[in-house]
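Participant: Got a structure for you, questions after.
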Amino acid sequence: MIFSIRPLDKTVDTASFNCGQPVLDEYIRRYASQDIKRNVARVFIATPEHDNAQLAGFYTLSAGSVSCADLPPSLSKTLPRYPVPVALIGRLAVDTRFQRKGLGSILVADACQKVAKASISLAMVGIVVHAKDTTAAGFYRHFGFKPLPGGPDWLLLPATAFRA
Ligand SMILES: CC(C)(COP(=O)(O)OP(=O)(O)OC[C@H]1O[C@@H](n2cnc3c(N)ncnc32)[C@H](O)[C@@H]1OP(=O)(O)O)[C@@H](O)C(=O)NCCC(=O)NCCS
């Protein structure tokens, strides 16, 4: 199936989105557009090519920072002692009707591409994600994200991986 990805707009049906995690369903229905207006997050949606009102998946991107002590020693030894800039995939979800068909991977790849482009003019040491549970952490590890020592639910993909 072919999907198109674009910033969240009012033409997409968020009401029937169901990814199996009520917190994420609630987020896209009620809070995502507020976050955009307040410049807290950018939200990108995927819709099937044949129906651009059907919400198949989404993710959010924000700027963030990580304390050096929370980074793996292999990375922190090359960095300053103060908090360093990262990009944050705050939320990412695929509707149950579209799960296990590769859309989650497409969304991660799209996010990495956007961050790689932004990182030409805005420096960051990597992309951080917060996995909701061990299953989600397994999904991110699949793409090379590594758990952060500070907490196994936080994972990082170093800039060297997505800028390559
Ligand atoms: C996690 C989620 C985004 C995966 O999306 P998806 O479209 O089903 O994922 P894909 O089809 O692209 O799968 C990509 C790879 O990850 C693996 N994978 C998918 N879901 C997985 C899971 N829950 N645990 C471990 N691995 C998983 C697949 O086996 C696949 O590997 P393969 O290509 O070798 O077969 C989706 O299941 C979802 O939205 N879940 C509910 C919300 C959630 O947990 N979000 C995570 C961020 S908090």
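Participant: Please give the helix 103-118 orientation as an angle from the longest Cα principal axis of the chain, in degrees from 0 to 90, rounded to the nearest 10.
Facilitator: 50 degrees
Participant: Per residue, how much accessible area does the chain show when a 1.4 Å probe rolls over the protein heavy atoms, in square angstrom?
Facilitator: In whole numbers, the chain has 55 Å² accessible per residue.
Participant: What list of ³J(HN,Hα) couplings, whole Hz, do you get for segment 10-19 from phi and the Karplus terms 6.51, -1.76, 1.60, once you set θ to phi - 60° and write x for glycine and proline?
Facilitator: Karplus values, whole Hz, x for Gly and Pro: 7, 7, 8, 8, 8, 4, 9, 5, 8, 9.
Participant: Once amide H atoms are built 1.01 Å from N in the peptide plane, which residues 5 or more positions from Gly57, or in another chain, come under 5 Å H to H?
Facilitator: Ala46, Asp95
Participant: Amide H to amide H under 5 Å from Val66: which residues, 5+ apart in sequence or cross-chain, H placed 1.01 Å off N in plane?
Facilitator: Val84, Val86
Participant: Related question: Tell me which residues come under 5 Å, amide H to amide H, from Leu148 once H is placed; ignore anything under 5 positions away on its chain.
Facilitator: Trp154, Leu155, Leu156
Participant: While we're on this one: Within the chain, what's the longest stretch lacking trypsin sites (Lys or Arg not before Pro) that sit in DSSP loops with no more than 11 other Cβ atoms inside 10 Å?
Facilitator: Formally, the longest exposed-site-free interval is 101-164.
Participant: About its Cα centre, how strong a charge dipole does the chain have in debye, to the nearest 20, once Lys and Arg get +1 and Asp and Glu get -1 at the Cβ?
Facilitator: My answer is approximately 400 debye.
Participant: Report the residues of segment 7-24 in range of a label on Arg38: point 7 Å along Cα→C-beta, backbone N strictly under 17 Å from it.
Facilitator: 24
Participant: List nothing, just return the count: lysine pairs in the chain, 8 or more apart or interchain, with Cα separation under 29 Å.
Facilitator: Qualifying lysine pairs in the chain: 21.
Participant: Taking only Cα atoms and a 10 Å spring cutoff, compute GNM fluctuations for the chain and point out the largest among Ile127, Ile45, Ile36.
Facilitator: Comparing Ile127, Ile45, Ile36 in a Gaussian network model of the chain, the most mobile one is Ile36.
Participant: Which residue fluctuates most in the GNM of the chain (Cα springs below 10 Å): Ser67, Ser121, Ser16?
Facilitator: Ser121
Participant: Still on this structure: For segment 3-162, list log₁₀ I(q)/I(0) at each q in 0.08, 0.10, 0.21 Å⁻¹, using the Debye formula over Cα point scatterers of equal strength and ignoring solvent, two decimals each.
Facilitator: -0.23, -0.36, -1.43
Participant: Dipole of the chain (Lys/Arg Cβ +1, Asp/Glu Cβ -1, origin at the Cα centre): which of Ala63, Ser33, Ala15 lies farthest to the positive side?
Facilitator: The Cα lying farthest towards the positive end belongs to Ala63.
Participant: So, in Å, what gap is there between the alpha-carbon centers of segment 107-130 and segment 1-69?
Facilitator: 17 Å
Participant: Per DSSP H run of n ≥ 4, the term is -39500 (n - 2.57); total these for the chain, divide by its residue number, and report the mean residue ellipticity at 222 nm rounded to 500 deg cm²/dmol.
Facilitator: -6500 deg cm²/dmol
Participant: Here's something else I'd like to know. Take the solvent-accessible surface of the protein heavy atoms, probe 1.4 Å, and return the percent of it on the chain that carbon and sulfur atoms account for.
Facilitator: 56 percent
Participant: Compute a Gaussian network model of the chain, connecting alpha carbons closer than 10 Å, and tell me which residue from Ser62, Ser76, Ser33 fluctuates the most.
Facilitator: Evaluated over the chain, the most mobile residue of the options is Ser76.
The values are calculated or read from the model by the stated rules, or taken from the named source; none is laboratory data. These numbers come from a predicted model, not from an experiment. Don't worry about glycine lacking a Cβ; one is built from the backbone with ideal geometry, like all the others, and counts go over all protein chains shown. Remember, those area values only see protein heavy atoms, side chains included, never the ligands or the DNA or RNA. Shrake-Rupley method; radii C 1.70, N 1.55, O 1.52, S 1.80 Å.
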